[in-house]
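The values are calculated or read from the model by the stated rules, or taken from the named source; none is laboratory data. All figures in this text were calculated on a predicted structure; none of them were measured in a lab. All Cβ positions, glycine included, derive from the backbone under ideal geometry; neighbour counts span all protein chains shown.
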Amino acid sequence: MYICAFSNITEIVKDKLSYKKALLDRKFNRSDNFINLTLAGVQQCVKDRELPKDSSIYIASENGNINTTIKVLDSIFIQKKLPMPFNFLNTVNSITLFYVAKNFNIEGKAIFTDSFESALPQAFVDVAQGKTVLLGVVTEAISDLELHKKRFGDKEIVESSRWLLLSPKTDDVKAMASIEEFKLQTYTKAEHSQEELFTFLESEEEMFEFRGESLSFRVLKFDGG
Amino acid sequence: MIYIEGYALISSLANGVEESVLPIDIDGVKYYKISDIEPLEYYDIIEKVVRLVIEEAELSQEELHNTALFIGTSSAKLPLNEHHAKESGELLKDLYMSEVSQIIAQRVGVNGYRTIISTACTSSSNALIQVKEMMESGLIQRAVVVGVELYNELSINGFDSFMLLSKNSIKPFDANRDGIVLGEGVSAVVLGKKKSAFELVGGAINVDTTSVTSPHFENLKEVMSQAIQSANISTKDIYLIKAHATASIQNDIAEAEAINLLFKDSKPHILALKPYIGHTMGACGTNELTLLLESLKQGIIPKTINFKSMDKECNLQPNLKELEAKEGYYLLNYFGFGGNNSSLVIKYGV
């Protein structure tokens, strides 16, 4: 499995969430902060590449579209009224997949899952079948920063959208790194997180041994990768 | 070859025969509810179903240790979060979707790969397809696939905001259909290599970017066609289609048109199961598969209830009489918001 490109949008939130729509080449009327954060990461990863129509998309996110879900729960349980239809829709995880697929002309498999380690083995199978895969890990912060601290603790508030463009070995694919010795293992304490993988990809380092909770693999960068 | 080694389901059908096909009224909205279940029993009911399927598949402790766990759910922890919102006004208190699979894995002793798949109404059907492909690649040997959808007001209010809910009952493909009735259900399926009467022989997933809410018939036709091709069979081999059949106006038209086009030479029997248990969203993949498997095991495929008059636009008539369960191939359709579509092919052979 080869890494053809990656992106790493990691923003430390100080006073309020940033306006992501400004980062996007193509803007959608009904997209919200989570969807725009996702699209910004994909756009930075894909750039002007044209992806095969049968490419797969994997979005991994523990809490998904957290702000719109809070908005809809507030509407139902606090304000006691029906949610706005498209707010409800944006809470449904497959809607974010829809926007990615629409923006990048993809018609293949689209899967929303909980974590990087849960998404990568599924992507590995698609790549083994000859497919190109877009895999991202997206984490949105709660716009009410006090509530965010209450839910997640007092640590730094971060929003991130980190993406990999994965591909099988072909002559016409220009890859920056390879993923080797990919193995699933029974659950154990993780030595590394997905964040460290992306930090490695941005660094000058040439090799990274990822040992996670449920999988391990080695990443080797190519010359100039 | 990937076999279905066991299956289990808890849905409104367990309420008893008399109530089994009738939704109840909750605050003026029709709903297919499992009796005697409280929001805080969320993990208990999932555990109960998983234990049932482990028992049915006769998995040993050693086998369980290396078994993967896939949970397909649209609403994930919403029932718990809605409980907190009602009790204390605290919004989204219960975070981290992966805790659902982690807690269930710990409770039942599964220590293989685990994942949550959340793609609206295709969550658990997509999970079945992902397991099939991961098993074929050799990454995993066996998996428990669980579909989870429990009562939550966000889904009801959301569907209501789009005016998609029926006032009475689900009438798939009927001229007088007026929408969906939601329901809750939890089911589990063990996929493995031990030979059984049921084999998962094909499956496909695609994304249709025509509209976030309404599928396009061409894409539905395409996903069915891909699933059939992946099973190395032709449309003529399909004995019956378990349709997605939500009874919403546009979705039924698109599904009927796709079926009519793909199967123009040899129309299989058409079955709709949502009128029995409601639209159980992310769990409908495993819930409706489980209902079909049990029907086949018992030798009789149920009739599609609530259909009275043909809709000219659909031009599709579901089976109105019980059918004999026959050995052969069965196609199961599942379509979700965001254009997320999947189809499965099951082979039944005693």
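Every residue in the stretch A:125-134 that is within 8 Å of chain B (Cβ to nearest Cβ) and assigned to a loop (DSSP other than H, G, I, E, B), please. Residue satisfying the conditions is A:Q129 alone.
Scoring B:M134 on the criteria (1) of a type in the set (A, V, I, L, M, F, W, C); (2) touching a residue at least 40 places away in the same chain (Cβ under 8 Å); (3) touching a strand residue (DSSP E or B) at 6+ places or on another chain (Cβ under 6 Å) leaves a single failure, condition (3). Pairing residues of the stretch B:318-341 that are over 30 Å from A:I111 (Cβ atoms) with residues that are surrounded by fewer than 24 Cβ atoms within 10 Å (Cβ to Cβ) and among the basic types (K, R), at Cβ distances under 6 Å and at least 6 apart in sequence or on separate chains, gives B:N319/B:K303; B:L320/B:K303; B:K321/B:K303; B:E322/B:K303. Could you tell me whether any residue of the stretch A:77-90 is more than 7 Å from chain B (Cβ to nearest Cβ), under 18 Å from the mean Cα position of the chain (by Cα) and not basic (K, R)? Looking through the stretch A:77-90, at least one residue is more than 7 Å from chain B (Cβ to nearest Cβ), under 18 Å from the mean Cα position of the chain (by Cα) and not basic (K, R). Consider the stretch B:90-142 and keep the residues that are facing another protein chain (nearest Cβ under 8 Å) and at positive phi. The one that is modelled with the lowest pLDDT is B:L92.
Yes or no: B:T209 at the interface with chain A (Cβ under 9 Å from one of its Cβ atoms), crowded, with 23+ Cβ neighbours inside 10 Å, touching a Phe, Trp or Tyr at 6+ places or on another chain (Cβ under 8 Å) and farther than 25 Å from B:T304 by Cβ? Spelling it out, it is not the case that B:T209 is at the interface with chain A (Cβ under 9 Å from one of its Cβ atoms), crowded, with 23+ Cβ neighbours inside 10 Å, touching a Phe, Trp or Tyr at 6+ places or on another chain (Cβ under 8 Å) and farther than 25 Å from B:T304 by Cβ. Does the stretch A:164-176 contain at least one residue that is at pLDDT 95 or above and of a type in the set (D, E)? Scanning the stretch A:164-176, I find no residue that is at pLDDT 95 or above and of a type in the set (D, E), so the answer is no. Checked against (1) over 18 Å from B:F307 (Cα atoms); (2) assigned by TED's automatic domain parsing to the domain that holds B:L320; (3) surrounded by 19 or more Cβ atoms within 10 Å (Cβ to Cβ), B:Q229 passes all but condition (3). Would the stretch A:31-51 turn up any residue that is of a type in the set (K, R), under 27 Å from B:P79 (Cα atoms) and in contact (Cβ under 8 Å) with a residue 12 or more places away in the chain? No: the stretch A:31-51 contains no residue that is of a type in the set (K, R), under 27 Å from B:P79 (Cα atoms) and in contact (Cβ under 8 Å) with a residue 12 or more places away in the chain. Can we say B:T235 is farther than 21 Å from B:L344 by Cα and surrounded by fewer than 21 Cβ atoms within 10 Å (Cβ to Cβ)? No; evaluated as a whole, the condition is false for this residue. Filtering the stretch A:95-124 to residues that are assigned to a helix (DSSP H, G or I) and over 22 Å from A:D25 (Cα atoms) leaves A:F116, A:E117, A:S118, A:A119, A:L120, A:P121, A:Q122, A:A123, A:F124. With respect to the conditions (1) assigned to a loop (DSSP other than H, G, I, E, B); (2) surrounded by 17 or more Cβ atoms within 10 Å (Cβ to Cβ), A:K80 falls short on a single one, namely (2). Within the stretch B:25-47, being surrounded by 14 or more Cβ atoms within 10 Å (Cβ to Cβ) and of a type in the set (V, I, T) holds for B:V29, B:I34, B:I37, B:I45, B:I46.
In the stretch B:59-89, the qualifying residues are those that are loosely packed, with under 15 Cβ neighbours inside 10 Å and free of Cβ contacts under 8 Å to residues at least 40 places away in the same chain, and the one that is farthest from the other protein chains (Cβ to nearest Cβ) is B:S60.
For the stretch B:256-285, a residue qualifies if it is closer than 30 Å to B:S12 by Cα and of a type outside the set (A, V, I, L, M, F, W, C), and the qualifying residues are B:P268, B:H269, B:K274, B:P275, B:Y276, B:G278, B:H279, B:T280, B:G282, B:G285.
Do we find a residue being in a helix (DSSP H, G or I) and in contact with a Lys or Arg (Cβ under 7 Å, 6 or more places away or on another chain) anywhere in the stretch A:46-53? So far as the stretch A:46-53 goes, no, none of its residues is in a helix (DSSP H, G or I) and in contact with a Lys or Arg (Cβ under 7 Å, 6 or more places away or on another chain). Being over 21 Å from B:L92 (Cα atoms), crowded, with 23+ Cβ neighbours inside 10 Å and not basic (K, R) is a description that does not apply to A:L51.
Please enumerate the residues belonging to the stretch A:40-70 that are under 18 Å from A:A141 (Cα atoms), within 13 Å of chain B (Cβ to nearest Cβ) and not hydroxyl-bearing (S, T, Y). A:I59, A:A60, A:E62, A:N63, A:G64, A:N65, A:I66, A:N67, A:I70, listed by residue number.
Only a single item in (1) under 22 Å from B:L52 (Cα atoms); (2) touching a Ser or Thr at 6+ places or on another chain (Cβ under 6 Å) is not met by B:K193, and it is number (2). Of all residues in the stretch A:90-106, those that are free of Cβ contacts under 8 Å to residues at least 60 places away in the same chain have Cβ atoms under 8 Å from Cβ atoms of residues that are among the basic types (K, R), 6 or more apart or on another chain, in A:N105/A:K53; A:I106/A:K53.
The sole residue among B:A204, B:A175, B:A243 that is away from every other protein chain (no Cβ under 14 Å) and over 15 Å from B:H279 (Cβ atoms) is B:A175.
Among A:L97, A:L37, which is within 14 Å of another protein chain (Cβ to nearest Cβ) and of a type in the set (A, V, I, L, M, F, W, C)?
When all the criteria are applied, what remains is A:L97.
Tallying residues that are in contact with a helix residue (DSSP H, G or I) (Cβ under 9 Å, 6 or more places away or on another chain), aromatic (F, W, Y) and not in a helix (DSSP H, G or I) within the stretch B:232-277 yields 1.
I'd like to know if the stretch A:176-191 contains one or more residues that are part of a strand (DSSP E or B), of a type in the set (G, A, S) and touching a Leu at 6+ places or on another chain (Cβ under 7 Å). Yes.
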